[in-house]
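Here is the structure we will look at.
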Amino acid sequence: MRVLAVDIGFGYTKATDGQQSQVFKSIVGEANTAQFGETLTPAQTTAPRQFSLAGEEIFVGELAENQSRGRSFTLDPAQFIAKYAKTLGLAALAPYAEHGDPVRLVTGLPISFYRKFKDPLTTLLQQRHVLTIVSPSGERVDKALYIEKVRVIPQPFGSLFNLMLNAQGRTLQQRFATEKIGVIDIGFRTADFTISDKTRYSERGSLSTDSGMSVAYSAIANLLQEKSGTQVELYRLYEAVTRGSIKIKGQKYELAAVVQQAFTQLAVRIAAEVNRLWADDWDIDTIVLTGGGGLTLAPYLAPLIQGEVLPVPADQDARLSNVMGYWKYGMHIWPA
Ligand SMILES: Nc1ncnc2c1ncn2[C@@H]1O[C@H](COP(=O)(O)OP(=O)(O)OP(=O)(O)O)[C@@H](O)[C@H]1O
Ligand SMILES: [Mg+2]
């Protein structure tokens, strides 16, 4: 029996089978007929990005971003789960499942959507799915994806399990199992805060807010709109922010100052949320900062948080921490 994990974020979809992993932007678009053949697909992408699912021909990820005419992207949670979670999840898992073989799946939801959407998400995924994988050359292969069991956990617990468990699902670092740990998971749309007290979930210390990286990106996009007259889609800003500049209609705009300002403002806002939420939990031993935004914001945020903040490992893509932990948790609850 195979254990797979998927983290369907508002920004990025992440999946792993414990050996390999992949990340792509959480964007779904209409597949256009590939009249230019292979040149449409970036050469470095080996995982499939074109599918036929429930009668629809779709692109996902960067291929949808760059090539689809009708592109969909939403920050609304109910719509996100109903419309995109299944498509993105199956697309991400497709390379890791053998045709028709049963797999068990661990996935997560943000703290605030956990109760409401845990069962609907389970129902949506725990099925026999049929999809067609379309290779860059146009070759079509049908695949039956049989997800026989689904476990949904609160998203930040993924990062905690990633630190706590080894690849066999056994406890590796005892301290994470015996201490009181605060987890701050900063994603694209949400900031999730949770406390694990000797691995027990603390309702009081847990909260989702809208303080994801998109807040900072919106501020940057608004400023760019004022200067250039063009509204840049938020999910197209990461590269520009990293580069420190963006070219719009031939004109280059420097971003370093506005980025610094937007990140500082977001960090101040998150620190205020955390310090308020955990005011009574002054006995937290360690605070774990995670999520892709956790890495980006760490230099701004760590100094503002009261407590010992564990540095984000720089050698690993912070966006993958949750999904890696989901997978280890799967190995823990479904030992081979
Ligand atoms: N290599 C990278 N490529 C893209 N974004 C990155 C990278 N490294 C860090 N980031 C940051 O990570 C953020 C996305 O983080 P993450 O994948 O954890 O969010 P998400 O899980 O999709 O969102 P949410 O948790 O709100 O659903 C981006 O907005 C960006 O600021
Ligand atoms: Mg996330």
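The values are calculated or read from the model by the stated rules, or taken from the named source; none is laboratory data. Here the structure is a predicted model, which means the values were calculated and not measured. Glycine gets a Cβ as well: all are built from the backbone with ideal geometry, and neighbour counts include every protein chain shown. For the accessible areas, the whole protein counts, side chains as well, though only heavy atoms, and no ligand, DNA or RNA atoms are used. Shrake-Rupley method; radii C 1.70, N 1.55, O 1.52, S 1.80 Å.
Listed here are the residues, each with its yes/no results for (1) farther than 25 Å from Arg204 by Cβ; (2) assigned by TED's automatic domain parsing to the domain that holds Glu233; (3) in a helix (DSSP H, G or I); (4) touching a residue at least 60 places away in the same chain (Cβ under 8 Å).
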position: Leu145; (1), (2), (3), (4): yes, no, no, no
position: Lys149; (1), (2), (3), (4): yes, no, no, yes
position: Phe161; (1), (2), (3), (4): no, no, yes, yes
position: Gln168; (1), (2), (3), (4): yes, no, no, yes
position: Ala177; (1), (2), (3), (4): no, no, yes, no
position: Gly182; (1), (2), (3), (4): no, no, no, yes
Residues that are away from ligand 1 (no atom under 16 Å from the Cβ) and modelled with pLDDT of 95 or more, drawn from the range 177-193: Thr178, Glu179, Lys180, Ile181, Gly182
Residue that is nearest to Gly100 (Cα to Cα) [pool: residues in the range 123-169 that are β-branched (Val, Ile, Thr) and open to solvent by 50 Å² or more (accessible area, probe 1.4 Å)]: Val130
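Looking only at residues that are polar (S, T, N, Q) and either within 12 Å of ligand 2 (Cβ to nearest atom) or not assigned by TED's automatic domain parsing to the domain that holds Val268 (or both) in the range 184-208, which one is surrounded by the fewest Cβ atoms within 10 Å (Cβ to Cβ)? Reasoning before the result, please.
Filtering the range 184-208 for residues polar (S, T, N, Q) gives 190, 194, 196, 199, 202, 206, 208.
So of that shortlist, the ones also either within 12 Å of ligand 2 (Cβ to nearest atom) or not assigned by TED's automatic domain parsing to the domain that holds Val268 (or both) come out as 190, 208.
On the way: Thr190: 27, Ser208: 24.
The residue in question is Ser208.
Among the candidates Leu301, Leu289, Leu295, which residue alone is closer than 20 Å to Arg189 by Cα, of a type in the set (A, V, I, L, M) and at pLDDT below 95? Explain how you work it out, then say what you get.
Numbers: Leu301 fails: at pLDDT below 95; Leu289 fails: at pLDDT below 95.
Being closer than 20 Å to Arg189 by Cα, of a type in the set (A, V, I, L, M) and at pLDDT below 95 holds for just one of Leu301, Leu289, Leu295, which is Leu295.
Test of understanding: among Ala34, Ala15, which residue is surrounded by 15 or more Cβ atoms within 10 Å (Cβ to Cβ), at pLDDT 90 or above, among the small types (Gly, Ala, Ser) and not in a helix (DSSP H, G or I)? It would help to see each step written out before you state the result.
On the way: Ala34 fails: at pLDDT 90 or above.
Matching residue, one of Ala34, Ala15: Ala15.
Going through Gly212, Gly169, Gly187 one at a time, which residue ends up being touching a Phe, Trp or Tyr at 6+ places or on another chain (Cβ under 6 Å) and closer than 30 Å to Val3 by Cα? Reasoning before the result, please.
Numbers: Gly169 fails: touching a Phe, Trp or Tyr at 6+ places or on another chain (Cβ under 6 Å); Gly187 fails: touching a Phe, Trp or Tyr at 6+ places or on another chain (Cβ under 6 Å).
Unique residue meeting the criteria: Gly212.
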Breaking point among (1) at pLDDT 90 or above; (2) more than 20 Å from Val150 (Cβ to Cβ); (3) more than 19 Å from the chain's Cα centre (by Cα), for Leu53: (2)
Subset of the range 70-81 (residues that are over 15 Å from Thr13 (Cβ atoms) and at pLDDT 80 or above): Ala78, Gln79
Residue check for Val312: open to solvent by less than 70 Å² (accessible area, probe 1.4 Å), within 16 Å of ligand 2 (Cβ to nearest atom), at pLDDT below 95 and in contact with a strand residue (DSSP E or B) (Cβ under 7 Å, 6 or more places away or on another chain): yes
The one condition in (1) over 14 Å from Ala191 (Cα atoms); (2) within 24 Å of the chain's Cα centre (by Cα); (3) of a type in the set (Lys, Arg) that Lys252 fails to fulfil: (2)
Candidates Val268, Val323 - the one that is open to solvent by less than 70 Å² (accessible area, probe 1.4 Å) and either assigned by TED's automatic domain parsing to the domain that holds Ser208 or assigned to a helix (DSSP H, G or I) (or both): Val323
Any hit, the range 212-229, residues being without any contact (Cβ under 8 Å) to a residue 12 or more places away in the chain, of a type in the set (Val, Ile, Thr), within 16 Å of ligand 1 (Cβ to nearest atom) and not in a strand (DSSP E or B): no
